[in-house]
Structure formats: C-alpha cells, structure tokens
C-alpha cells in the first residue's frame, strides 16, 4: 500500500494497493457509479440497507458527496471509490467510518464490489489497502468490520485481509429492511504488518 503524493479534487488522499487505486468520490463519478449500482442491485441488496427511491439520482449523489466531505473534514470517515486500470475503471467502494480517537483509536470498514467484478480479489486488495492506510497514515490501533453470517464472500475478504472473527451481534444492522445478526471481525495494528 502506498499513499500517493497527490490529492484528489474531492479533497481526500489517494491510496494505492495491489491492482487497485482508492480515491475520494467526485461529482464526475456519478454516471459510472449509478450504472454499477443499478446493474448490481440484485447482487448487493441482500447485504445492504434498503436503498432510498432516489438513491441513484444525480441529486442524491451530490448529497452523498456533501456528507462524505463533511465527514472527511471532521476526520470521522474516509470514503473511497475503488478503481482498476490505473484509475480508469470504477469497480466498487470502501469506507473507513466511525473513526474514534482517544482511548479507542479505531474505525469501521464497509465495502462493496459491483457484480461484474466480484470474485477477482479486488475487494480483498481494497480492504488490505484501507487497513494499511488506517494503520500507517491515520495511526489507528484497531479496525473493525461486520458481515451477515451467510455472506461467505464478505467473510472470505475479511479473513484474507487479516481480520479475526470476534463474535456475533444479534440484530446488529438493518439490512434489506430487516434487523440482521452480524459476525464481528477485528484487526489490530500489532506492528507486524499483517494487513498491509
């Protein structure tokens, strides 16, 4: 993982992983993002909160970017879009959110990959890159993630990225309209470079 020397026009860092580039979303990404999300709806919906009716519109995307920018400026979240082909092809997103400082020094990772790019190891490389960013650049001590128990692909991503299963939380998040149990995973910056 390398933090590139330049900053995206959206004001956030650009992080490079093995075969992926992570950068802050831009208004110009709307069309590619909306197409990916629409074509991946059936693939993603079992694992995500219910989408608002206007979710894929340009206005909703603009609101999303405004929220991202505020969270980034406050240091509470680091949203990234995942690109391949030297930053030309959008394939998904990964976010480090709920960043807590002080005695916690922790954050939570969430991610998605479009259906046509699934199974290629891109989510794993993106998660590894953002964990490296969290530990090396933000100096967090711990990163957490959760997935629905029957989401085997997401569980594999976390396990291949150095996360350990820590437990199960009942009715943890409202997914696809229903409260769903989640498996809880954690990765600790122990200085051994496990997630980089």
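Quick rundown of the values:
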{"read-out": "Sites residue 152 and residue 64 - FRET efficiency at Förster radius 35 Å, r taken between beta-carbons, to 0.05", "value": "0.75"}
{"read-out": "Rounded, prolate or oblate (a/c below 1.5 giving rounded, otherwise prolate when a/b exceeds b/c) for the stretch 15-69 by Cα gyration tensor", "value": "oblate"}
{"read-out": "Additional length obtainable on full extension of the chain from residue 97 to residue 120, 0.36 nm per residue less Cα span", "value": "5.8 nm"}
{"read-out": "FRET efficiency estimate (nearest 0.05) - Cβ-Cβ, residue 73 to residue 43, R0 35 angstrom", "value": "0.60"}
{"read-out": "Residue exposure sequence - 109, 21, 35, 84 - by fewest surrounding Cβ within 10 Å", "value": "35, 84, 21, 109"}
{"read-out": "Residue 108-residue 89 pseudo-label distance in nm [points 7 Å out on the Cα-to-Cβ vector]", "value": "3.2"}
{"read-out": "Inter-centroid distance (Cα atoms) of the stretch 149-166 relative to the stretch 75-144, Å", "value": "14"}
{"read-out": "Inter-probe distance in nm under a simple model that places probes 7 Å from Cα toward Cβ, at residue 165 and residue 27", "value": "4.6"}
{"read-out": "Cα gyration tensor, the chain - rounded (a/c under 1.5), prolate or oblate", "value": "rounded"}
{"read-out": "Fewest-first sequence of 50, 95 by Cβ atoms within 10 Å of each Cβ", "value": "50, 95"}
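Values in this text are rule-based calculations from the coordinates and carry no lab data. Owing to the predicted nature of the structure, the values given are computational and were not obtained by experimental measurement. Cβ sites come from the backbone with ideal geometry, for glycine too, and all protein chains shown count toward neighbours.
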